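Just so it is clear, none of the values below were taken in a lab; they were calculated from the coordinates. Please read these numbers as outputs of a predicted model, since none were measured by experiment. Glycine also receives a Cβ, built like all others from the backbone with ideal geometry; neighbour counts cover every protein chain displayed.
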Amino acid sequence: MPDWRMLAAARGLALPEEDLARIEPVLDELHAVLAERVAAVPLTAEPLISFRCETDEDAL
Amino acid sequence: MTIREAAASLRTRRISSLELTRAALDRIARCDHRLRAFITVTAEEALAAARRADEELAQGHDRGPLHGIPIAVKDVFATRGIRTTCGSKIFADYVPDFDAAVVERLRAAGAVLVGKTNLHELAYGITSSNPHYGAVRNPRDPDRVPGGSSGGSAAAVAAGMVFMAMGSDTGGSIRIPAAWCGVVGLKPTFGRVSRYGMLPLDFTLDHAGPLTRSVHDAALVLNALAGFDPRDDTSSRHPAEDYVPPEDPSLDGIRIGLPENFYFTRVAPGVAEAVRKAAQRAEQAGAGVVPVRVPDVAAMNQISRIILLAEAAAVMQPYMERRNEIGEDVRLLLEQGLLLSATDYIHAQRLRRLMREEYRKVWRQVHCLLTPTMPVSAPRLGQTQLHWDDGAEDLRPGATRFVRAINMFGWPALSLPCGLDAQGLPLGAQIIGPPFAEARILRVAAALEARLPRLAPPEL
């Protein structure tokens with residue numbers, strides 16, 4: 001499981017201790033579900049964020 | 001009174017838009033100090049717009065069924081010259097110089113905007129207990145929350161202040177308050193209604209849609225809103241259609257799936273019974289109701305939460321230096337999002353694709369799903385947990401179990417009042433369909449509405 005406190009410090013977020021104490025269990029739970037599921041994701045599965053390269057009508 | 005009834009009265013001159021608008025403003029003046037449904041009331045502009053509507057109708061210039069009808073929009077939709085706070089102290093003084101697409105379309109349809117409704121701060125929560133603009137109260141029981149984040153919109157419609165109010169829905173924010181306040185809430189397909197000018201909570205989960213007092217009214221509003229908008233990258237070119245269902249429609253040939261897993265577990269007494277009764281009414285209207293198994297919606301909810309946490313944190317990251325001006329519950333969510341990694345987010349988006357493929361198989365078996373909207377009726381103000389025989393769960397993830405996942409797939413869904421629990425609080429049935437099946441969903445909802453008892457207006 002990621003060390004959320006270390007991550008917060010490394011990102012310079014300066015989160016208050018009481019916030020971190022409440023955040024950690026929630027993120028642990030979410031991350032556990034994610035990790036379990038990701039293990040079964042096929043290598044070729046692409047994220048569902050569609051990027052389309054379209055013609056540029058203003059291009060010369 | 002519904003939009004349809006008011007529109008008919010306007011055309012026979014039994015009532016004027018000015019009278020309707022004055023009545024709406026009077027109702028707001030009398031009730032809103034208790035309900036806190038509005039952040040801004042635009043009385044002078046509304047009265048001027050109502051006079052114009054009456055003049056146009058008298059001259060035979062009829063803009064359609066919304067012409068002259070008092071409405072409101074959630075305070076996430078930009079309004080030219082009217083502050084748009086997003087329920088946040090950070091945006092308390094933001095006055096846009098343009099109208100959001102839905103505001104443009106509603107104005108073009110002749111609707112009269114009477115104000116901007118209160119909401120959960122930044123549209124990021126389900127109680128609408130806003131620390132800056134007041135806790136919205138449920139008109140059915142002011143000691144209870146209306147739901148959220150579009151709580152002010154639902155309360156305003158349920159309390160008879162306006163005929164329709166626009167909401168936004170990222171993880172249930174139209175359907176939750178619709179169910180808890182006893183009104184109709186429609187979340188159209190992602191891309192069906194333009195999000196141009198809607199302050200974002202999340203880039204890939206936000207939807208805009210109406211809350212109304214009837215299914216027919218929701219269809220009338222969608223007719224005015226649906227269509228492609230080049231200013232919104234996610235707007236769909238799928239052709240819009242006439243969404244208004246026929247009177248008491250037949251459901252012959254419609255197969256409705258009643259989930260046999262997930263959607264009927266951990267629900268309060270009365271919830272399952274009310275939805276199963278609605279299924280019986282669908283059968284009476286000619287539908288086939290069949291049991292279906294749905295995939296792991298609990299995991300889908302978790303993945304959806306990761307996407308929301310990350311995207312909402314990205315939206316608000318530039319403002320996090322002012323975190324002390326953000327309410328505690330929302331601040332904690334934003335901080336969670338800031339700690340997720342890019343890899344976590346991308347994995348969640350990969351799972352989103354796989355989960356959609358898994359869930360969409362249900363559309364090969366049925367035309368729509370019928371589920372409870374919420375596992376419980378409206379909680380009390382300040383309530384933070386749901387209690388079950390086998391343990392407790394936090395209100396937010398617990399209450400959004402049945403509404404959250406489908407926002408990941410962009411599917412349309414509608415919440416319809418389907419009865420009252422033992423405490424006299426409204427319960428909602430949710431109809432979910434495949435992409436762009438709004439007309440079908442509205443048809444099913446209209447058939448159920450015609451066969452279910454109408455809720456009496458709340459006593460205020």
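Points to keep in mind about this one:
- Count Lys and Arg as plus one, Asp and Glu as minus one, and take only other residues whose Cβ is under 12 Å from that of B:I176; the net charge is then +4.
- With a 10 Å cut-off around each Cβ of B:298-309, the average count of Cβ atoms from other chains is 3.
- The value obtained for segment B:141-222, namely the Cα convex hull volume divided by the number of residues, is 86 Å³ per residue.
- Of B:G134, B:G160, B:V95, farthest towards positive along the dipole that unit charges on Lys, Arg, Asp, Glu beta carbons give segment B:41-171: B:G134
- Beta bridge orientation in the protein assembly as shown: antiparallel %, DSSP, nearest 5: 70
- Within straight-line cross-link reach of B:K116, lysines at Cα separation under 27 Å, skipping those fewer than 8 residues along the same chain: B:K74, B:K89, B:K187
- Whole-angstrom gap from segment B:64-107 to segment B:377-454, using each part's C-alpha centre: 26
- Shape call, segment B:262-391: gyration tensor on alpha carbons, a/c limit 1.5: oblate
- Per residue convex hull volume, Cα atoms of segment B:240-320, in Å³: 199
- Prolate/oblate/rounded label for segment B:190-310 (Cα gyration tensor, a/c 1.5): oblate
- Residue-averaged [θ]222 nm for chain B, counting only DSSP H segments that reach four residues, each worth -39500 (n - 2.57): -11000 deg cm²/dmol
- Take the Cα of B:E247, step 7 Å toward its Cβ, do the same at B:D390, and the gap between the two points is 4.8 nm.
- Take every DSSP beta bridge whose two residues both sit in chain B; close to 70 percent of them are antiparallel.
- When each full DSSP H helix of chain B is screened for a Cα extent of at least 27 Å along its own axis and an average Kyte-Doolittle hydropathy of at least -0.5, the helices passing are B:297-316.
- Per-residue mean of C-beta atoms belonging to partner chains within 10 Å, peptide A:34-41: 5
- Simple label model, 7 Å out from Cα along Cβ direction - B:A456 to B:R14, nm: 2.3
- Percent RCO, i.e. relative contact order, over chain B, from Cα pairs under 8 Å lying at least 6 residues apart: 17
- Assuming charge only on the beta carbon of Lys and Arg (+1) and of Asp and Glu (-1), the dipole of chain B about its Cα centre is about 480 debye to the nearest 20.
- Modelled label reach - A:A40, point 7 Å along Cα→Cβ, segment B:284-298 residues with backbone N closer than 14 Å: B:295-298
- Taken residue by residue and averaged, Cβ atoms of other chains lying within 10 Å of the Cβ of B:328-334 number 2.
- The 3J(HN,Hα) values that the Karplus relation (6.51, -1.76, 1.60; θ = phi - 60°) gives for segment A:13-21 are, in residue order, 7, 6, 7, x, 4, 5, 5, 4, 4 Hz. Gly and Pro appear as x.
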